[in-house]
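The values are calculated or read from the model by the stated rules, or taken from the named source; none is laboratory data. Not measured: the values here are computed from a predicted model. So basically every Cβ, Gly included, is an ideal-geometry build from the backbone, and we count neighbours across all protein chains shown.
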């Protein structure tokens, strides 16, 4: 940033805080004005609209009282060009934040310095992480991921469903029917208790599949039929092969 750009930024900062810099204001009145300053956008010399926090406005007020307009000029950064020269630093900073979302920018800067001997300012790290969507607030607001539901033990719950398969015979011609793949899966182990293709989706197919599965794997506590046909379920529930299943459930 050259001398002219520094002056433009200093004038911009003064324009932001000018109304709160009046020496006749009480601390309470100044606090109200600073909150109003932080609540609105300000036109930056680069043409963008920016908003500044109360902390930033207070810092600029202290600098102006201490050194006037010159104190509002942006100081040369000790880490200027460092991130561009070492792009891997940002990738490492992002990994450190993702590893522990509560880790602060100061802690990340300290870790980078002790690992590589390169000093990067906290503000630079904080800004780049925020622009990448890795701010601590954003990560804390993300919904928690929960593991998938499963039964506590084998045969506690079986789940059955039907997949519509290809035309048989294929290619489709007169007399071809859709093959239906009937499956029963154990909800704990994800073991395929039984599976078989049938020509029609009816109670007889369900009974045959359940008979084979019970013969091979034992009796489940609950059989959950997803979107079972309303005509199939009463017949299946009354069949001799399903009589030993304590819970026959159908989804809505």
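Pairing residues of region 39-68 that are within 10 Å of residue 16 (Cβ to Cβ) with residues that are modelled with pLDDT of 90 or more and in a strand (DSSP E or B), at Cβ distances under 6 Å and at least 6 apart in sequence or on separate chains, gives 50/42.
Can you tell me which residue within region 184-212, out of those that are under 40 Å from the mean Cα position of the chain (by Cα) and buried (at least 17 other Cβ atoms within 10 Å of the Cβ), is nearest to residue 160 (Cα to Cα)? The selected residue is 184.
Note on region 124-155: among residues that are loosely packed, with under 15 Cβ neighbours inside 10 Å and modelled with pLDDT of 85 or more, the one that is farthest from residue 100 (Cα to Cα) is 153. Residues in region 107-121 that are touching a helix residue (DSSP H, G or I) at 6+ places or on another chain (Cβ under 9 Å) and surrounded by fewer than 12 Cβ atoms within 10 Å (Cβ to Cβ): 115 alone. Of all residues assigned to region 161-170, none qualifies as being within 30 Å of residue 94 (Cβ to Cβ) and either exposed (fewer than 11 other Cβ atoms within 10 Å of the Cβ) or touching a helix residue (DSSP H, G or I) at 6+ places or on another chain (Cβ under 9 Å) (or both).
Within region 28-50, the set of residues being modelled with pLDDT under 90 and assigned to a loop (DSSP other than H, G, I, E, B) comprises 44, 45, 46, 47, 48. Within the option set 25, 69, 61, being touching a helix residue (DSSP H, G or I) at 6+ places or on another chain (Cβ under 9 Å), surrounded by 14 or more Cβ atoms within 10 Å (Cβ to Cβ) and either outside any helix (DSSP H, G or I) or modelled with pLDDT under 90 (or both) holds for one residue only, 25.
Looking at region 83-93, is at least one residue over 30 Å from the mean Cα position of the chain (by Cα), modelled with pLDDT under 90 and either not assigned by TED's automatic domain parsing to the domain that holds residue 8 or not in a loop (DSSP other than H, G, I, E, B) (or both)? Yes, because at least one residue in region 83-93 is over 30 Å from the mean Cα position of the chain (by Cα), modelled with pLDDT under 90 and either not assigned by TED's automatic domain parsing to the domain that holds residue 8 or not in a loop (DSSP other than H, G, I, E, B) (or both).
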